[in-house]
Amino acid sequence: MCNNNYKQPLGSIGRCDCKCPKRPERDRFQTLTFENCVPFAGRSNVDANIIFDVEPNSLPVVLAGTIENFSNDGINVIFERSTGNNVTRTILANSSVSFVYDDVTRVSVFGFGQEYTGSFKFQATYTVEVE
């Protein structure tokens with residue numbers, strides 16, 4: 001009998017006449033979350049200061065966070081997205097911005113030509129296929 005497999009001799013499991021239910025299939029996808037808080041600094045309005053990068057770019061990341069600008073000049077923050085709908089936000093001196101964007105692949109900071117400092121606190125959530 002299928003209900004009593006523990007008492008059956010080895011090799012007899014599965015040789016019963018009754019219909020046992022199939023084992024549930026393992027969930028192939030797992031959602032993970034990573035969070036961090038990091039300082040950043042720079043001085044250029046030409047060279048990107050990359051403060052977040054996703055590899056591979058096809059990984060769908062939902063990014064929520066806050067970027068604080070501690071400097072006396074503004075900064076531009078560019079959120080690059082795999083959909084191509086990039087978002088640019090200006091953060092004025094001694095200000096901050098909070099955000100939630102999906103499909104983020106990179107976050108870059110550009111100064112207005114002066115030295116700048118700030119912090120980037122974020123939570124990245126993504127789903128991967130587990131084999």
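Put a plus charge on the Cβ of each Lys and Arg, a minus charge on the Cβ of each Asp and Glu, and nothing anywhere else: the dipole of segment 44-125 about its Cα centre is then about 160 debye.
Using only C-alpha positions, report the orientation-averaged shadow area of the convex hull of segment 58-99, nm², one decimal. It would help to have the intermediate numbers written out before the result.
Values: hull surface 12.2 nm².
Convex hull of Cα atoms, orientation-averaged projection: 3.0 nm².
Based on the alpha-carbon gyration tensor of segment 26-118 and its eigenvalue square roots a ≥ b ≥ c, which shape applies: rounded if a/c is under 1.5, prolate if not and a/b is larger than b/c, or oblate? Because a/c hits 1.5 or more and a/b exceeds b/c, segment 26-118 counts as prolate. Residue separation of Lys121 and Thr66 scaled by 0.36 nm, minus their Cα-Cα distance, works out to 19.3 nm of gained length. Between Ser58 and Ile78, the contour length at 0.36 nm per residue exceeds the Cα-Cα span by 5.4 nm.
Students often check this: by mean Cβ neighbours within 10 Å, which of 104-112, 84-92, 37-45 ranks highest, and how do the rest follow?
Descending mean neighbour count gives 104-112, 37-45, 84-92.
Compute the Cα gyration tensor for segment 72-131, then decide on rounded, prolate or oblate, letting a ≥ b ≥ c be the square roots of its eigenvalues: rounded whenever a/c is under 1.5, prolate when a/b is larger than b/c in the other cases, and oblate in all that remain. In terms of gyration-tensor shape, prolate. Using the Cα centre of segment 20-131 as origin and beta-carbon charges of +1 (Lys, Arg) and -1 (Asp, Glu), tell me which of Ser71, Val97, Ser58 is placed farthest towards the positive end of the dipole. The listed residue farthest towards the positive side: Ser58.
Using r as the Cβ-Cβ distance of Thr88 and Val130, and R0 as 30 Å, what FRET efficiency do you calculate, to the nearest 0.05? Mind showing how you got there, number by number?
Working: r = 35 Å, r/R0 = 1.18.
The pair Thr88/Val130 has a calculated efficiency of 0.25.
How high is the FRET efficiency between Gln30 and Ser98 when r is their beta carbon distance and R₀ equals 22 Å, given to the nearest 0.05? The computed FRET efficiency comes out at 0.20.
Each reported figure results from applying straightforward, stated rules to the coordinates on display, with no laboratory input. Everything quoted here is computed from the prediction, not taken from an experiment. A quick note on method: Cβ atoms are made from the backbone with ideal geometry, for glycine too, and the neighbour counts reach across all protein chains shown.
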